[in-house]
1. Using a 1.4 angstrom probe with every protein chain in place, what is the largest-first accessible-area order of Trp28, Trp72, Trp60?
2. Figure the gain on full extension for Arg48 and Met34 (residue separation times 0.36 nm, minus the Cα-Cα span) and round it to one decimal in nm.
3. Please report the relative contact order for the stretch 10-67, taking Cα pairs under 8 Å with a sequence separation of at least 6, and give it as a percent rounded to a whole number.
4. Rolling a 1.4 angstrom probe over the protein heavy atoms, how many square angstrom per residue are accessible across the stretch 46-92?
5. Just grab the label-to-label distance for Leu7 and Asn101, each label 7 Å out from Cα along the Cβ direction, in nm (one decimal).
6. Report the local net charge at Phe69: Lys and Arg +1, Asp and Glu -1, summed over other residues whose C-beta lies under 15 Å from its C-beta.
7. Near Leu58, within a Cβ-to-Cβ distance under 15 Å, what is the net charge of the other residues, with Lys and Arg +1 and Asp and Glu -1?
8. Between the alpha-carbon centers of the stretch 1-46 and the stretch 62-91, tell me the distance in whole angstrom.
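The values are calculated or read from the model by the stated rules, or taken from the named source; none is laboratory data. This structure is a prediction, so every number in the text was calculated from the model and none was measured. Cβ placement follows ideal geometry from the backbone for every residue including glycine, while neighbour counts extend to all protein chains displayed. The protein model used for the area step is the full one, side chains on, heavy atoms only, and it has no ligands, DNA or RNA in it. Shrake-Rupley method; radii C 1.70, N 1.55, O 1.52, S 1.80 Å.
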Amino acid sequence: MAVALPLLITGVLLAFLLLAAYVPGGRWWTAAGMLAAFGLLGFSFLSRHLRFLPAALLLWALGVTVASFDDWVLESRGLDITCTVLEKDSRVETSTSTDSNGHTPGSIPAVHGHPPGTSG
């Protein structure tokens with residue numbers, strides 16, 4: 001039961017995600033799968049079939065499954081998933097403050113980002 005229940009819950013989620021990927025109405029299948037999986041997880045935890053640590057690990061595994069499934073589907077369809085940073089922008093903001101006597105002690109520059117050609 002300790003191994004079968006987490007595998008069953010993950011399998012339910014994967015089945016619904018596969019339906020979302022290959023059957024019309026994808027977002028509804030994803031929502032239904034998440035409701036079913038998290039409902040089964042909650043029921044298993046509240047009925048004491050799963051203790052806290054296995055339930056927490058299963059919750060993490062379900063999140064990873066949902067997060068990585070879209071990338072897997074795109075890769076299985078032959079699409080490349082990469083992100084390349086081509087250029088970083090930079091800006092300098094200067095802020096000044098005035099004390100209660102009306103004196104301005106100085107300005108403080110703040111640099112955001114890195115100019116192109118420099119290491120970040």
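1. Values: Trp28 205, Trp72 125, Trp60 170 Å².
Ranking Trp28, Trp72, Trp60 by accessible area, largest first, yields Trp28, Trp60, Trp72.
2. Values: separation 14, 0.36 × 14 = 5.04 nm, distance 2.08 nm.
Taking 0.36 nm per residue and subtracting the Cα distance, the gain is 3.0 nm.
3. On the way: 35 pairs, mean separation 18.9, N = 58.
Relative contact order for the stretch 10-67 comes out at 33 percent.
4. Details: 4030 Å² over 47 residues.
So the stretch 46-92 comes to 86 Å² accessible per residue, rounded to a whole number.
5. Once both label points are built, they end up 7.7 nm from each other.
6. Details: positive: Arg27, Arg77; negative: Asp70, Asp71, Glu75.
Neighbourhood net charge equals -1.
7. Numbers: positive: Arg48, Arg51; negative: none.
So the surrounding residues net to +2.
8. The stretch 1-46 and the stretch 62-91 have Cα centres separated by 23 Å.
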